[in-house]
1. What is the helix-to-structure angle for B:313-326, meaning the angle in degrees between its Cα long axis and the longest Cα principal axis of chain B, kept from 0 to 90 and rounded to the nearest 10?
2. What average count of beta carbons from other chains do you get within 10 Å of the Cβ of residues in B:100-108?
3. Report, to one decimal in Å, the Kirkwood hydrodynamic radius for chain B based on all distinct Cα pairs.
4. Can you tell me the 0 to 90 degree angle between the C-alpha axis of helix B:123-136 and the longest principal axis of chain B, rounded to 10?
5. How many Cβ atoms of partner chains, on average, are near each residue of A:21-29 if near means within 10 Å of its Cβ?
6. Just to confirm a number: summing +1 for Lys and Arg and -1 for Asp and Glu over residues other than B:R181 whose beta-carbon lies under 10 angstrom from that of B:R181, what do you get?
7. What share of Cα pairs, in percent, lie more than 17 angstrom apart in segment B:27-121?
8. I want to verify a result. In a Gaussian network model of chain A, Cα cutoff 10 Å, which of these has the top mean-square fluctuation: A:V232, A:V354, A:V30?
Amino acid sequence: MLPASLPPLSKGGHAAHCKRCLSGLPSSQVDIDPAKLALSFYCLGSLDVSGELEKKTKDWEREQWREWIWSQQTRGHHGTGFRASSYMTAKHSTEEHSGHDNPQIIMTYTALLSLSILRDNFSRLDRKGLLEFLRSCQNIDGSFSSEPLGGDSDLRTTFCAFAISTMLDDWSGMDVANALQFIYSCRTYEGGYGQSPFGEALGGTTYCALAALRLATKQLDPLSLQDRQKTVRWLVQNQAYNGGFSGRTNKDADACYCFWCGASLHVLDAGDLVDNAAMSSFIASCQFKYGGIAKIPGEHPDPYHTYLSLAAVALLPPNSSEGASWALCPLDPLLNATYQTSSWARAHIPAPKVDDDALGDAGI
Amino acid sequence: MKIEIVVDPARPAPPASLVSRVAPAASAPAASDARGASCCILQRPEWADVVPLEQYENVTPLAPIFYTDEYRDATNYFRGIVKSGEMSPRVLELTENVIRQNPGHYSAWQYRYKTLMALKSPLDDELQLMDELAIKHLKTYQVWHHRRLLVQQTRNPGPELEFIANSLQVDMKNYHTWSYRQWILAYFNDDALWSHELDFVESMLESDVRNNSAWHHRFFVAFQSGVRNGDEDRDAIVRRELAFVKERIAIAPNNASAWNYLRGVLDHAKIPYSELQAFVLPYSLPQLPLGIPPEVVDLENPLPSKDSQLPCVAAVEFMADIHEAAGGGDLVKATELWKSLANEHDTIRKRYWEYRIAESLKTKSGGDG
């Protein structure tokens with residue numbers, strides 16, 4: 001039986017966990033280096049969605065972080081984007097670009113959102129180069145490689161390309177019809193989407209597919225009625241009896257899938273089919289006593305599961321009678337950031353509109 | 001999937017017995033130990049001609065990692081090598097060293113592959129090393145990506161299926177491993193490769209009839225990968241698959257994977273669910289109908305095994321779908337079943353079942369109007 005009311009959501013503790021990770025990681029986490037910007041996004045996103053960013057961080061810290069993220073903007077041979085971190089950059093290097101220090105598409109998406117969380121004005125963004133970068137990542141089958149002319153390609157990179165185009169308010173960086181075709185080819189008989197064609201239905205990539213379809217088509221419902229019913233059925237079926245969501249049929253619940261499946265349902269305007277109270281109860285049980293949220297009860301927490309759990313609660317909150325601790329900032333399910341942050345991104349990332357009169361007055 | 005970053009200091013290692021069975025190379029020493037006591041490349045005379053390059057950090061980094069001396073040393077030399085563009089056997093040693101310390105090191109993988117190509121290195125040796133690394137780092141993208149690149153060069157996919165079968169013994173639902181198997185089959189698309197695939201799936205389902213990855217793979221083999229010699233009669237394939245899944249449902253009725261497979265086959269073949277009513281009905285009842293003598297058992301419609309927990313949620317749902325499709329007076333029957341799911345058998349999805357009731361009423365009033 002589920003408890004009648006939830007234990008508090010330890011927002012302060014989770015913020016402290018993420019702040020600790022931002023200030024340093026032990027050597028055992030060395031494999032984070034090639035995905036450092038994603039980790040930074042999960043930490044900053046946790047602070048943002050829980051409303052703790054201003055409380056927990058100082059102006060000068062946020063300034064330093066913006067600087068560091070900008071220092072990852074790299075102009076490669078095939079356009080401009082953000083690399084994961086400077087783990088391949090040599091000190092005193094005079095070379096512009098080694099060819100092994102490439103920008104990467106997932107890191108670029110998380111960098112743009114992180115800078116929006118930090119309310120950057122994006123005056124340093126190389127928009128033209130970014131569009132060129134997207135174009136050089138797209139493959140013949142419509143998918144996107146994680147870097148130009150190579151690397152793995154799957155629905156994660158496709159979603160990031162769609163989110164970047166949305167933030168730029170410019171779709172000239174891709175062949176949209178071809179990209180949509182790739183998304184359709186990842187659909188499975190269960191109703192979810194696999195990571196790539198022929199792959200098993202998976203919560204994370206189903207979110208990527210549905211959010212991307214909705215971003216591109218702007219239709220309320222990007223699927224046919226029958227497909228929608230099947231997808232909703234599969235997503236709802238993934239809610240386990242303990243309240244959490246599993247990412248695949250017959251797998252155990254994992255906190256991150258509360259977001260991937262819950263947000264997928266939200267994108268299909270079916271978020272009200274989730275048992276929010278049970279989901280929150282599962283997430284509450286994944287809280288680590290010294291802060292942070294783990295994938296399952298009793299494991300060690302990490303920023304990835306912390307952020308996605310908080311984002312799931314923000315999107316599908318329990319009853320308001322559960323108290324203020326469970327109240328989070330409203331979340332934009334399509335870009336995966338708070339509405340305040342996604343509005344900031346949509347307002348500041350597109351190229352400034354050129355005012356013809358102003359140009360005329362200046363004699364240009 | 002996801003953009004997963006798990007900060008988990010306690011990474012479980014596969015049992016040693018499995019590692020050594022799958023990968024004989026597992027006992028070979030890491031490159032860093034191969035030369036004896038000195039762990040640091042800096043102190044080895046044969047690297048004296050390379051200028052190590054420290055990592056650049058101009059501004060205070062976010063989430064700095066406190067590297068070990070050994071890792072710092074190896075990556076300093078790696079940056080030095082990338083700068084000079086050297087491609088030599090010692091570069092293979094160095095990149096292996098970096099990869100063993102950080103299997104996610106994208107650039108080390110990339111540079112290693114380039115070097116293997118430049119040196120025309122024997123790729124079978126490389127694959128053998130990968131047998132070990134893949135088992136150790138089953139969840140690392142790069143391990144699998146590298147393997148795909150290698151097999152595209154060797155064009156010898158045969159041994160890969162056995163390797164995959166072995167690594168699935170370590171983790172039977174590993175997404176990368178199954179994806180790799182699907183890729184091997186689809187990319188090389190050779191009749192000999194496909195010939196034992198159904199037997200393979202069957203053996204995986206024998207170990208765990210709830211393994212959804214295996215069910216998914218079966219669907220891929222039967223319906224999504226073209227028509228091979230001997231499989232031209234598509235109706236026969238559908239019949240074979242329906243018989244197969246019915247049998248598995250009978251063994252373990254409360255298995256969402258098998259029910260999803262059944263629905264998948266019917267949808268694919270455009271067969272109405274009502275054709276399965278005789279099979280599904282007993283599973284949707286609170287208990288087995290009494291008094292069926294064993295000699296009249298319908299082989300086409302096997303009954304739930306003894307001690308099955310009934311009613312089976314998926315069967316109740318299936319019967320409700322049949323009634324909904326029939327429409328008219330049958331909608332009442334569907335509604336009754338949905339109510340029993342919402343209030344008794346599947347309460348976590350109460351909102352969903354109530355939504356199904358509301359939707360069917362909408363359709364009905366829409367149709368009447």
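1. 60 degrees
2. Numbers: counts 0, 3, 8, 2, 7, 6, 14, 9, 3.
Taking the mean over all residues of the peptide, I get 6.
3. 25.1 Å
4. Tilt of helix B:123-136: around 60 degrees.
5. 6
6. -2
7. Details: 2281 of 4465 pairs.
Above the 17 Å cut-off, segment B:27-121 has 51 percent of its Cα pairs.
8. Maximum among the listed residues: A:V354.
The values are calculated or read from the model by the stated rules, or taken from the named source; none is laboratory data. From a predicted model like this one, the values you see are computed outputs, not experimental measurements. Methodologically, a virtual Cβ is constructed for each residue, glycine included, from the backbone with ideal geometry; neighbour enumeration extends over all protein chains shown. Ligands, DNA and RNA are excluded from the accessible area calculation, which covers all protein heavy atoms including side chains. Shrake-Rupley method; radii C 1.70, N 1.55, O 1.52, S 1.80 Å.
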